[in-house]
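The values are calculated or read from the model by the stated rules, or taken from the named source; none is laboratory data. Everything numeric here is computed off the predicted structure, so don't read it as measured data. Backbone-built Cβ (ideal geometry, glycine too); neighbour counts: all protein chains shown. Ligands, DNA and RNA are stripped out before the accessible areas are found, and what is left, the full protein with its side chains, is counted by its heavy atoms. Shrake-Rupley method; radii C 1.70, N 1.55, O 1.52, S 1.80 Å.
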Amino acid sequence: MGRLDGTVAFVTGAGRGIGRAIALRLASEGAAVAVTDLDEAAAVGVARACGERAAGIRADVPDPASVRAAVARAVQA
């Protein structure tokens, strides 16, 4: 049982680098994680590494419509 069980994290820029490390750490602590990145394939790969309670989602942060769509997909997942 992790200290973040029952929580959900929405991590932007999580396809690589610091965002990836944050997503992996949050997942290891028990959070469900929406792994978002402009590169959807990278986001999906990190989500797989995070485990079954993660979803890889494309999001273009400067585009409000893209972020709204990503949040909607995260809620569905």
Go through segment 20-77 and count every residue that is open to solvent by 40 Å² or more (accessible area, probe 1.4 Å), touching a residue at least 12 places away in the same chain (Cβ under 8 Å), assigned to a loop (DSSP other than H, G, I, E, B) and under 26 Å from R3 (Cα atoms).
2
Which one of these does A32 not meet: (1) modelled with pLDDT under 95; (2) touching a Lys or Arg at 6+ places or on another chain (Cβ under 7 Å)?
(1)
Looking at segment 1-19, which of the residues that are part of a loop (DSSP other than H, G, I, E, B) and of a type in the set (G, A, S) is most open to solvent (accessible area, probe 1.4 Å)?
G6
The number of residues in segment 25-73 that are among the basic types (K, R) and more than 12 Å from the chain's Cα centre (by Cα) is 1
